[in-house]
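The structure under discussion appears below in the form of structure tokens.
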Amino acid sequence: MKDKNGNNLSIKEIFVKIINRINNIILEFEVFLLHLVGCIPSHCFRRLFYKAAGIKIGKGAVIHMKARFYDPRNITIGEDTIIGEGVVLDGRDKLIIGNHVDIATEVMIYNSQHDIEHDFFAALQKPVTIEDYVFIGPRVIILPGVTIGRGAIVGAGAVVTKDVPPYAIVGGIPAKIIGERKNKNLHYKLGRARLFR
């Protein structure tokens with residue numbers, strides 16, 4: 001038996017590949033089930049399944065309908081955080097979302113991408129951290145290895161390719177600093193999410 005590059009495999013390597021394939025099939029099925037659960041209009045019901053899948057969800061945090069996950073076991077969501085509809089949360093590496101974070105509709109957060117210079121187009125994985133009191137506007141894309149500092153604001157449609165300093169306001173493709181949040185004494189609570197989202 002040979003690998004995808006035409007190299008012969010040992011018995012041990014074949015066994016490891018078989019186990020990895022089985023684990024990937026199980027994970028893909030779990031992610032598919034979570035997608036189906038994401039269509040049910042009940043925060044409590046979805047939260048139960050998301051926690052069972054390994055997502056760590058803080059008190060008062062909600063994930064609105066139709067969220068997509070890539071490996072939920074590495075995702076941590078802080079207290080009083082709201083995740084909007086149709087969000088993609090990548091857990092192939094650590095994804096840490098802080099407290100009182102507001103993530104709008106259809107935001108995509110990735111922590112795995114292909115190395116375009118690698119001979120075999122290998123995956124590169126880097127953690128993503130979103131600190132407390134961050135607001136991320138609709139349809140933002142956040143790429144691997146990014147940290148978004150406390151109180152930062154990311155404008156709608158931005159593509160975040162590098163770290164965002166605390167309290168910065170960024171926008172554009174790629175995201176650049178366009179302002180600074182004046183209030184640095186943040187202590188608000190986001191409150192209750194919409195009931196049937």
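Every number here is computed from the coordinates shown, using simple stated rules; none is lab data. All figures in this text were calculated on a predicted structure; none of them were measured in a lab. No Cβ is skipped: glycine too gets one built from the backbone with ideal geometry, and neighbour counts run over all protein chains shown.
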Are there any pairs with C-beta distances below 8 angstrom linking a residue in the range 63-75 that is under 14 Å from LEU48 (Cα atoms) to a residue that is of a type outside the set (D, E, K, R) and assigned to a helix (DSSP H, G or I), with the two at least 6 apart or on different chains, and if so which?
ILE63/HIS43; ILE63/TYR50; PRO72/VAL31; PRO72/LEU34; PRO72/TYR50
Residues of the range 152-168 satisfying the condition of being of a type outside the set (Asp, Glu) and either part of a loop (DSSP other than H, G, I, E, B) or surrounded by fewer than 20 Cβ atoms within 10 Å (Cβ to Cβ) (or both)
ALA152, GLY155, ALA156, GLY157, ALA158, VAL159, THR161, LYS162, PRO165, PRO166, TYR167
Looking at the range 21-38, is at least one residue among the small types (Gly, Ala, Ser), within 25 Å of ILE96 (Cα to Cα) and assigned to a helix (DSSP H, G or I)?
no
Scan (1) outside any loop (DSSP other than H, G, I, E, B); (2) surrounded by fewer than 18 Cβ atoms within 10 Å (Cβ to Cβ); (3) not charged (D, E, K, R) for the single condition ASN185 breaks and write down its number.
(1)
Go through the range 82-116 and report how many residues are out of contact with any strand residue (DSSP E or B) (no Cβ under 6 Å at 6 or more places or on another chain) and of a type in the set (Ser, Thr, Tyr).
1
Being farther than 15 Å from THR76 by Cα and not small (Gly, Ala, Ser): is that true of PHE49 here?
no
